[in-house]
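A.B. asks: Structure incoming, see below.
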Amino acid sequence: MKLQQLRYIWEVAHHEMNVSATAQSLFTSQPGISKQIRMLEDELGVEIFVRNGKHLTEITPAGHIILKSAGEVLGKIEGIKSIAQEFKNPMRGSLSIATTHTQARYALPSVIKTFIERYPDVSLHMHQGTPMQISEMAADCQVDFAIATEALELFTDLIMMPCYRWNRTILVPKGHPLAELETMRIEDVALYPIVTYVFGFTGRSKLDEAFSKKGLEPKVVFTATDADVIKTYVRLGLGIGIVAEMAFDPIADSDLVAVNASHLFEPSVTKVGFRRGTYMRKFMYDFVELFAPHLTAELVDKAYQCHSKTELDELFANIELPTY
């Protein structure tokens, strides 16, 4: 068994069983990858992939288990490389982050600007996606950090640390009846068509819970993953917008009215997660602390030692989170 073979099966699985695309990404030949995968299967005595002629179509039950172990091995190899690089040149390296549009657009710019000024020789890579995609990227060793509000808790291999609380605002055109109310109720909101985030995205669950508690069914007519897209459709008159409070810019969105809705919905908590076994370099600690100042290197190390969600919850129970 060779590390190269583990790399090949891992990459093929993450290129949707497309050996040709995998070969291009690894700058090698398609026949070479196919040969090495077959040699590994012969050595193990089980098939990792199901085949239809010459094409790989899906992962076998045994393959899923083998791939999980292969990912752990490859992750440890990367960790060894990181250790060496830290001692060789602590100011040089790469950092990859997966996050949502809202975080990338509104919460992270100042953090990234400061980080790049501090570490000009660290290449920073940002990937955007849904919370589920973000969590999967972190769990599968594709990125170093996942920053999101939903879905992170579904992956037990991720260590999740709370960064800040945030709530929602309701966006309406000027002159809209909701903008004239002294005290807005959830029943008032339910009267109008709603444009908001897709389910499972950017704290959407808290929105749905608020309506459900009152026995109401929200009239969600349009959903998107991008707050700027949501605002566009509010301007077109499609409905009222419900977005993260941070997504409203008084200057750029001066044609809209933001109505505070924090009394209607439970606040959500944005978290940063990294997989167990990650070797944390100094610039990684610094990035986390820039984004969430209470997450010092000492506290991150304590979180690393926690073995369950209960332990993590207890660790952060007495920490007052900032509100964005």
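The values are calculated or read from the model by the stated rules, or taken from the named source; none is laboratory data. These numbers were taken from a predicted model, which means no experiment stands behind them. Here Cβ is always computed from backbone atoms with ideal geometry, including for glycine, and neighbour counts include all displayed protein chains. Surface areas here come from the heavy atoms of the whole protein model, side chains and all, with no ligands, DNA or RNA. Shrake-Rupley method; radii C 1.70, N 1.55, O 1.52, S 1.80 Å.
A.B. asks: Being open to solvent by less than 60 Å² (accessible area, probe 1.4 Å), aliphatic (A, V, I, L, M) and closer than 30 Å to ARG118 by Cβ: is that true of ILE33 here?
C.D. replies: When the stated conditions are applied, ILE33 does not pass them.
A.B. asks: Would it be correct to say that LYS231 is touching a Phe, Trp or Tyr at 6+ places or on another chain (Cβ under 9 Å), over 22 Å from GLN103 (Cβ atoms) and either open to solvent by 20 Å² or more (accessible area, probe 1.4 Å) or among the charged types (D, E, K, R) (or both)?
C.D. replies: no
A.B. asks: Quickly run through the stretch 219-235 and pick out the residues that are closer than 24 Å to GLU187 by Cβ and part of a strand (DSSP E or B).
C.D. replies: LYS219, VAL220, VAL221, PHE222, THR223
A.B. asks: Does ILE112 qualify as being open to solvent by less than 50 Å² (accessible area, probe 1.4 Å), touching a strand residue (DSSP E or B) at 6+ places or on another chain (Cβ under 7 Å), free of Cβ contacts under 8 Å to residues at least 24 places away in the same chain and aliphatic (A, V, I, L, M)?
C.D. replies: Yes: the conditions hold for ILE112.
A.B. asks: I've got another one for you. Using the structure shown, decide if THR28 is among the hydroxyl-bearing types (Ser, Thr, Tyr), surrounded by fewer than 17 Cβ atoms within 10 Å (Cβ to Cβ), in contact (Cβ under 8 Å) with a residue 24 or more places away in the chain and farther than 23 Å from MET126 by Cα.
C.D. replies: No; evaluated as a whole, the condition is false for this residue.
A.B. asks: Another one. In the stretch 273-294, what residues are assigned to a loop (DSSP other than H, G, I, E, B) and under 18 Å from the mean Cα position of the chain (by Cα)?
C.D. replies: ARG276, THR278, ALA292
A.B. asks: On the given criteria, is GLU182 touching an Asp or Glu at 6+ places or on another chain (Cβ under 8 Å), among the acidic types (Asp, Glu), within 18 Å of SER262 (Cβ to Cβ) and exposed (fewer than 14 other Cβ atoms within 10 Å of the Cβ)?
C.D. replies: So GLU182 does not fit the description; no.
A.B. asks: Which of (1) surrounded by fewer than 17 Cβ atoms within 10 Å (Cβ to Cβ); (2) over 22 Å from MET91 (Cα atoms) does GLU289 not meet, given it meets every other one?
C.D. replies: Failed condition: (2).
A.B. asks: Kindly indicate whether any position in the stretch 255-272 is surrounded by fewer than 16 Cβ atoms within 10 Å (Cβ to Cβ), part of a helix (DSSP H, G or I) and at pLDDT below 95.
C.D. replies: No: zero hits.
A.B. asks: Taking the options GLU41, GLU58, GLU72, name whichever one is surrounded by 14 or more Cβ atoms within 10 Å (Cβ to Cβ) and over 26 Å from LYS282 (Cβ atoms).
C.D. replies: The match here is GLU41.
A.B. asks: Now for a different question. Among the residues of the stretch 273-280, is there at least one that is out of contact with any strand residue (DSSP E or B) (no Cβ under 7 Å at 6 or more places or on another chain), open to solvent by 40 Å² or more (accessible area, probe 1.4 Å), under 29 Å from LEU207 (Cα atoms) and modelled with pLDDT under 95?
C.D. replies: No, because not a single residue in the stretch 273-280 is out of contact with any strand residue (DSSP E or B) (no Cβ under 7 Å at 6 or more places or on another chain), open to solvent by 40 Å² or more (accessible area, probe 1.4 Å), under 29 Å from LEU207 (Cα atoms) and modelled with pLDDT under 95.
A.B. asks: Criterion first (open to solvent by 10 Å² or more (accessible area, probe 1.4 Å), within 17 Å of VAL269 (Cα to Cα) and of a type in the set (Val, Ile, Thr)) does THR130 satisfy it?
C.D. replies: Yes: the conditions hold for THR130.
A.B. asks: With the requirement that a residue be touching a Phe, Trp or Tyr at 6+ places or on another chain (Cβ under 7 Å), surrounded by 20 or more Cβ atoms within 10 Å (Cβ to Cβ) and modelled with pLDDT of 90 or more, what does the stretch 185-209 give you?
C.D. replies: Listed by number, the list holds a single entry, VAL195.
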